[in-house]
Amino acid sequence: MKILLLEHPRSFNPGRCNDIANTPLASCLLSGYVAGLLDSQGHEVLIVEGYLDQLSYQEISTIISDFRPDILGVHMVYHWQDDHDLYAFLQQIKYDVPYITAFGFYPTIAWEDLLEKCLAMDSVIVGEPEVTFAELTEAVACGVYPDNLPGLAVRSRVGCQRREIIADLNTLPFPIRTEALYRLGEVNILGSRGCYGGCTFCYINPFYGQGSLWRGRSPENIIAEIDGIIAERGIRSFYFTDPNFFGPGQRGQDRALQLAALFRMRDIHFGIEARVNDIHDRTIEALADAGLRHILIGLESGKDSSLKRMNKLTTVNQNEEAIKILRKYGMEPNIGFIMFEPDSSLDDLRTNFEFLQRNNLLKNLSVTANVLYHNQIVLKGTPAYRQLQSAGRLAVQPASTYEGVPSFENSQVAVLAELMRQMTNIIFISMDDIWSGRATQQNHSTSGALNRLLVKTFDDHLQYMKAGRQISKEQIAFYADDFGKKVHSILTTA
Ligand code: SF4
């Protein structure tokens, strides 16, 4: 069978340019893993990087005509609204492709919407896709369009039975990587799936559908993949796209130490993502010595009651201790931080702000712009979505039920959240060429001046509100416009 896996073109949405949370990095190798399994079973697989290779639908159409796949699998990561261009494209090629399915994080959460709105799709794969895709391929090869495969949602059947997850990830063939993925500089690698945490806003575990469960590949299996990449490509720079690099408890720390010992002998550099309660001195020392160069940690809040509300199962003390340990070994962490939760009070925002200042996390413009803005994003399938919906506090757009817009408990928090969204978008758009590497670096004093402006603006507006004065929704545009003029003035006088 011939299978074409499509990473479809994605459009830039200026209103959402700093919403990183909806693009789970853990998804970036899904097509590669599906391709690896199908390839190992003797099928001919082609991955088309519509997004990374910036292909037009016309160009993709030509590739499909040349390849003539029996099955087209569309990998979908996230959508801010219905992707009419993609749906129209699939409708147009439907006559040339016998079977079309979709897989990934977004289809898993929004499969009912997709089947209703995109009639060209024959099915949607829900959850971990590899085994379902392989069984689907076998069925289609026999001329059967299955309607009762676990993990497969179809129009003719109500509901979708989840498939058991892959218990032993070592049984999966290594993912197939495209040239576009190798061009990213660091090679993405997935050492584990899922998370033993259960944050209310997170849809990693809802995707796998098995509650709070972390599964790790063995250190030997991971190092075999790394050795293969070094031998084939000579690349020694890696990024672990695991939502949580560490497994739970002491066993998780021991596994990390085993990995560190193997990495140390290979002269590699790598990055990871982790929970703060897994940041321990001995393990970080060993990983840093083995080539760990950057890390993302989910701090989320500077207030214990907020962490509790999010079911983060961590404390502010653990946040601060993790930052100290990482800095001790020369790493300035990237951080996940949710400044504005639906239940935030102005006091919570002040506590968050002081936490960020106290821990020197408002010194770098790209970090400041993120942490002073981030709203809690509420995605279908997460506990937060269910809680807010049942409390009648979630507006769901008819265009897509995927993301809900929560109403804030405190109307002034809502105003400040919107104000910061507009102001930080001005920063992100102004800095886009520099931060994306298309233009030369801004001089240090300019980015310092922008950073000070952003921090002061947040502080001033918060103080103003805490003094009992109100900012109306109508005034938001005025303040954002004024902020934009100040940004322009700093950039043009630099
Ligand atoms: S720790 Fe991270 S990956 Fe785990 S549930 Fe929380 S947000 Fe998700």
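The values are calculated or read from the model by the stated rules, or taken from the named source; none is laboratory data. Just so we're clear, the structure is a prediction, and the values are computed from it rather than from any experiment. Neighbour counts run over all protein chains shown; Cβ positions are idealised from the backbone, glycine included.
Of note:
- Any hit, the stretch 334-351, residues being farther than 18 Å from ILE279 by Cα, in a helix (DSSP H, G or I) and out of contact with any helix residue (DSSP H, G or I) (no Cβ under 7 Å at 6 or more places or on another chain): yes
- For the stretch 294-329, the set of residues classified as within 13 Å of GLY198 (Cα to Cα), of a type in the set (D, E, K, R) and free of Cβ contacts under 8 Å to residues at least 60 places away in the same chain consists of LYS308 only.
- Under the condition of being away from the ligand (no atom under 16 Å from the Cβ) and not in a loop (DSSP other than H, G, I, E, B), the residues counted in the stretch 264-289 number 12.
- Meets criteria (in contact (Cβ under 8 Å) with a residue 60 or more places away in the chain and either among the acidic types (Asp, Glu) or crowded, with 18+ Cβ neighbours inside 10 Å (or both)) for LEU181: yes
- Of all residues in the stretch 410-423, at least one satisfies being outside any helix (DSSP H, G or I) and at pLDDT 90 or above.
- Some residue of the stretch 302-322 being among the polar types (S, T, N, Q), closer than 21 Å to ILE222 by Cβ, more than 13 Å from the ligand (Cβ to nearest atom) and assigned by TED's automatic domain parsing to the domain that holds GLY234: no
- Number of residues in the stretch 188-217 that are under 19 Å from GLU164 (Cα atoms), within 11 Å of the ligand (Cβ to nearest atom) and among the polar types (S, T, N, Q): the value is 3.
- Scanning the stretch 290-301 for residues that are outside any loop (DSSP other than H, G, I, E, B), of a type outside the set (Val, Ile, Thr) and within 16 Å of the ligand (Cβ to nearest atom) gives LEU296, GLY298, LEU299, GLU300.
- Within the option set GLU409, GLU418, GLU403, being acidic (Asp, Glu), within 30 Å of CYS118 (Cα to Cα) and outside the structural domain of PHE207 (by TED's automatic domain parsing) holds for one residue only, GLU403.
- Residue in the stretch 178-195 that is nearest to the chain's Cα centre (by Cα), counting only those that are in a helix (DSSP H, G or I) and of a type outside the set (Asp, Glu): LEU181
- The number of residues in the stretch 218-251 that are outside any helix (DSSP H, G or I), buried (at least 19 other Cβ atoms within 10 Å of the Cβ), more than 14 Å from the ligand (Cβ to nearest atom) and β-branched (Val, Ile, Thr) comes to 0.
- For VAL140, the stated conditions do not hold, so it cannot be described as assigned by TED's automatic domain parsing to the domain that holds LEU72, aliphatic (A, V, I, L, M) and over 18 Å from ASP39 (Cα atoms).
Rundown of residues vs (1) among the polar types (S, T, N, Q); (2) free of Cβ contacts under 8 Å to residues at least 40 places away in the same chain; (3) not in a loop (DSSP other than H, G, I, E, B), yes/no style:
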site	(1), (2), (3)
THR368	yes, no, yes
GLN389	yes, yes, yes
ALA395	no, yes, yes
PRO398	no, yes, no
GLY404	no, yes, yes
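- Here PHE428 fulfils each of the conditions (1) of a type in the set (Phe, Trp, Tyr); (2) modelled with pLDDT of 95 or more; (3) outside any loop (DSSP other than H, G, I, E, B) apart from (2).
- The one condition in (1) modelled with pLDDT under 90; (2) closer than 21 Å to LEU362 by Cβ; (3) surrounded by fewer than 16 Cβ atoms within 10 Å (Cβ to Cβ) that ALA439 fails to fulfil: (2)
- Matching entry among ASN359, ASN375, ASN370 (being over 22 Å from the mean Cα position of the chain (by Cα) and closer than 19 Å to LYS303 by Cβ): ASN359
- Flag for VAL124 being out of contact with any Lys or Arg (no Cβ under 8 Å at 6 or more places or on another chain), surrounded by 21 or more Cβ atoms within 10 Å (Cβ to Cβ), of a type outside the set (D, E, K, R) and not assigned by TED's automatic domain parsing to the domain that holds ASP227: yes
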